[in-house]
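Here's the structure, in structure tokens; my notes come after.
The values are calculated or read from the model by the stated rules, or taken from the named source; none is laboratory data. Since the structure is predicted, the reported quantities are computational estimates derived from the model, not experimental observations. Here the Cβ positions follow ideal geometry from the backbone for every residue, glycine too, while neighbour counts run over all protein chains shown. Accessible surface is based on the protein model in full, side chains and every heavy atom, while ligands, DNA and RNA are left aside. Shrake-Rupley method; radii C 1.70, N 1.55, O 1.52, S 1.80 Å.
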Amino acid sequence: MLKEIKSIPLATFLSQLGHEPTARKGTRLWYKSPLRQEQTPSFKVDTALNCWYDFGLGRGGNIIDLATEIYRSTDLRYLMRCIADSCPVPSVQTVASSYPQRHSAPSMEERFEVVPLEHRALVAYLQERGIPAHIAKAKCKEAHYSANGKFYFAVAFENVSGGWELRNRYFKGCRGRKDISYLPWARDGPSTECAVFEGFIDYLSALTLGIISGTDAIILNSVVNVNKAVPYLKGYTSINCYLDNDTAGQTALTELIAIYGSTVIDRSALYSGFNDLNEYLTNQSFTKNTLPNENK
């Protein structure tokens with residue numbers, strides 16, 4: 001069991017805990033440290049060696065060492081249980097799947113089923129994030145899965161590779177290959193405009209606010225997927241970016257501007273003062289009629 005736990009990619013473990021890399025350099029991924037507050041990413045994961053190092057703390061090691069820091073315990077059985085509980089879908093593919101791996105995550109998945117979104121707890125979870133039930137049910141699915149004899153359920157959002165982004169109050173992850181999601185507004189042909197989001201919750205927020213009517217959409221599902229979005233953006237006369245107001249979001253925006261120039265429009269001023277569009281939605285009490293005229 002210990003060998004299997006150690007073989008779980010660190011990038012997978014961190015993604016399940018809600019931490020995504022801000023930059024990549026070969027087999028090295030850079031994060032804002034999950035162990036402390038910082039503005040400049042100084043936490044490195046080497047995906048080939050499956051090890052980490054926090055330059056701010058001067059410490060590093062394997063997944064057990066990281067769990068020791070996160071859960072503040074040296075009890076090996078407890079740490080192994082925490083890691084296993086944090087990765088209930090061990091076949092999950094995160095950003096690490098794009099890089100050479102010495103080990104791969106063990107396959108402990110017992111079943112996975114996708115059905116229409118109906119579970120009251122999941123609908124309530126999205127409503128708490130400002131997403132009305134009719135939009136949630138129209139755009140999302142509901143996943144039921146089990147691992148190690150335990151049963152789980154989550155909101156599911158499909159990507160172009162057939163993978164599923166999974167979310168509930170306690171879990172954030174992906175089943176299958178990590179990739180972008182592409183949603184044309186109409187079936188009879190692409191729009192002249194495309195909106196780009198980091199996560200599907202922000203996309204649902206934009207639909208709730210009514211700011212992307214008639215616009216195709218791309219959800220990166222991780223800023224490291226920005227290069228995967230590039231081929232889909234060719235031909236649009238306007239690329240509206242609703243990316244996070246942080247270093248990772250601005251880096252992704254810069255990459256797109258470098259390729260598509262003035263076609264790319266930064267829309268983050270709409271939610272200035274907030275980290276992302278969903279945070280703006282959940283912290284404001286307004287209707288779409290109060291939005292700036294250009295965004296109605």
Q | Helix 76-86 axis, angle to the chain major axis (alpha carbon atoms, nearest 10°) | A | 20 degrees
Q) Counting only DSSP beta bridges with both residues in the chain, what percent are antiparallel, rounded to the nearest 5? A) 75 percent
Q: Could you order peptides 233-239, 222-228 by the average number of other Cβ atoms within 10 Å of their residues, highest first?
A: 222-228, 233-239
Q | Theoretical FRET efficiency, 1/(1+(r/R0)^6), r = Cβ-Cβ of Arg187 and Ser272, R0 30 Å, to 0.05 | A | 0.30
Q: For Glu118, tell me the accessible area in Å² from a 1.4 Å probe, rounded to the nearest 10.
A: 110 Å²
Q.
Quick check for you: with a 1.4 Å probe and neighbouring chains kept, what is the accessible area per residue of the chain, in Å²?
A. 47 Å²
Q. Between Leu35 and His134, what FRET efficiency follows from the Cβ-Cβ distance if R0 is 51 Å, with the result rounded to 0.05?
A. 0.80
Q. Using the Karplus equation 6.51 cos²θ - 1.76 cosθ + 1.60 (θ = phi - 60°), what ³J(HN,Hα) coupling, rounded to whole Hz, does each residue of the stretch 122-135 give in order, writing x for Gly and Pro?
A. 6, 5, 5, 4, 5, 5, 5, 9, x, 9, x, 4, 5, 6
**Q.** Angle in degrees between helix 200-209 and the longest Cα principal axis of the chain, rounded to the nearest 10
**A.** 30 degrees
Q. Using Cα pairs under 8 angstrom and six or more residues apart, how large is the relative contact order of the stretch 181-283, in percent?
A. 29 percent
Q. According to a simple spin-label model (label point 7 Å from Cα along Cα-to-Cβ), what is the distance in nm between Leu76 and Thr251?
A. 3.6 nm
Q) Under unit Cβ charges (Lys, Arg +1; Asp, Glu -1), what dipole magnitude, rounded to 20 debye, does the chain have relative to its Cα centre? A) 540 debye
(Q) Using each residue's phi in the stretch 40-48, evaluate 6.51 cos²θ - 1.76 cosθ + 1.60 at θ = phi - 60° and report the 3J(HN,Hα) Karplus result to the nearest Hz, with x for Gly and Pro. (A) 9, x, 9, 10, 10, 10, 9, 6, 6
Q: Treating the angle as unsigned and between 0 and 90°, give the value, to the nearest 10°, between the Cα long axis of helix 247-260 and the longest Cα principal axis of the chain.
A: 50 degrees
Q: Can you tell me the order of 195-208, 25-38 when each peptide is scored by its average per-residue count of other Cβ atoms within 10 angstrom, highest first?
A: 195-208, 25-38
Q | Ordering of 56-64, 157-165 by packing [mean C-beta count within 10 Å, highest first] | A | 157-165, 56-64
Q. Given a Förster radius of 35 Å and the C-beta distance between Glu113 and Lys3 as r, what FRET efficiency does 1/(1 + (r/R0)^6) yield to the nearest 0.05?
A. 0.75
Q: Run the accessible area of the chain with a 1.4 Å probe and give the carbon-and-sulfur part as a rounded percent.
A: 48 percent
Q. Hey, if you put +1 on the Cβ of every Lys and Arg and -1 on every Asp and Glu Cβ in the chain, which of Met80, Tyr152, Gly163 ends up farthest toward the positive end of that dipole?
A. Met80
Q) With charges only on Cβ, +1 for K and R and -1 for D and E, what is the dipole size of the stretch 1-86 about its Cα centre, in debye, rounded to 20? A) 140 debye
